[in-house]
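> Got a structure here, written out as C-alpha cells. Questions coming.
The values are calculated or read from the model by the stated rules, or taken from the named source; none is laboratory data. What you see is a predicted model, and the numbers here were worked out from it, not measured in a lab. Quick reminder, even Gly has a Cβ in these numbers, built from the backbone with ideal geometry, and neighbours come from all protein chains shown.
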Amino acid sequence: MYLRQVLYTFAAAITGVTLMAGSAMAYSATSTTALNVRSGPSTDYRVVDTLYAGEEVNVERCSSSRNWCYITHTGPDGWVSARYLNRTGGGNTGGNGNDYDGGTAVNYTARATVALNVRSGPGTGYRVVDALYRGERVNVERCSGSWCYITHDGPDGWVAARYLSRTSGGGDTGGNQNEPGFSVEFGSDGEFSFSIGNRPEPEPDENDQACFYRDFAYGGPSFCLEKGEGVSLLQGSWNDSISSIRVEGDVQVTACMHANFGGNCIVTDKNIRSLGANMNDEISSIQVR
C-alpha cells in the first residue's frame, strides 16, 4: 500500500479559548527543551509533532492566558507551552505579511462546493495546510472578510467562504453558491472541481453520487463524489481511511487499494455499511460512474 501523505497541521480554534487581537505575536524563538507540539492550546489536545531542544520556530500568536503559543516551523505546526520558548528575535511571521484578528464567531456545518485549499491564514498569501474534497463536510467556526476558519478531520484552517455551502446551523458564508467549476490543477482556492459547467450548485443529497465515510455505518467525516467524478489518489488524511460507502441514485462505485485504480478493487452500486477486513482503511483511488 502507498504510505499516507503527512500534511502540516493547523491548530483548531476551540470554544472557550479566546485569541484576542492583543495576543498576536510576531517573533522567532528556540525551544529550551524537547517539546510536544499540540493541535490545541492545552495538554488535552493531541500531539502533532515534537520540537528538539534548541529548535528554531516562529511564534505567530498566543492564547489570552499567554500560557500557550501557536508556532510554525519546518514540520507540522501547532501549539506549545510558552514557558519552554526562548525569544531570539522579532519580525513578522504572518504568511502574507499581515496580522489578522480572530474574525467573527459563527457556528454551522457546511460542504465544500469544489476542491478547496485550506490555508494557515485568511488569504492566498498564507501557506496551504490541507485540501478539501468537493462535498466534504466541515464545521465553520468563524469568518474574517471573505474567508472562514473551518475544522474537520484533518489539518484545520482558513478557506474561501464563497466555496462553502451551509448545511445546518446559523450564520452565512457570504459566498456565491453558483460558481462555475473548472480548472486543470488540484488545490487552487476554489478553481478546481471534478466537474465542468456553469450551473447552480445542487444540494448534494439530491444528486446521483456516492459518499465516503471515515467510520463504519456512515459515521464520522465524509466527502461525496458525483457521477462521472473520480480521484486517482486520495490526498492527506483520506488516503487509506475510508470505512463505509453510501450510494445515492443511479451510480456505480469502483474503489481500489492503490493509486490510479490499481491493486484490489471493489465495484458496487449499493451501500456498504462496513468495508470489511480486506478493504477497510485501504482505499487509495475512487471512480464514480
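> Just the residues that are out of contact with any helix residue (DSSP H, G or I) (no Cβ under 7 Å at 6 or more places or on another chain), at pLDDT 90 or above and assigned to a strand (DSSP E or B), please, taken from segment 239-254.
Matches in segment 239-254: Ile245, Val253.
> A follow-up question, please. Search segment 150-175 for residues that are of a type in the set (S, T, N, Q) and pair each with any residue that is at pLDDT below 90 and in a helix (DSSP H, G or I) when their beta-carbon atoms are under 9 Å apart and the residues are at least 6 apart or on different chains.
Ser165/Pro204; Thr167/Pro204
> Out of all the residues in segment 137-164, which are closer than 25 Å to Tyr213 by Cβ and not hydrophobic (A, V, I, L, M, F, W, C)?
The answer is Arg137, Asn139, Glu141, Tyr149, Thr151, His152, Asp153, Gly154, Pro155, Asp156, Gly157, Tyr163.
> Scan segment 188-195 and tell me whether some residue there is at pLDDT 80 or above, closer than 20 Å to Ser222 by Cα and buried (at least 18 other Cβ atoms within 10 Å of the Cβ).
No - not one qualifying residue is present in segment 188-195.
> Another question about this same structure. Go through the residues of segment 168-180 one by one and say whether even a single one is modelled with pLDDT of 50 or more, assigned by TED's automatic domain parsing to the domain that holds Gly123 and outside any loop (DSSP other than H, G, I, E, B).
yes
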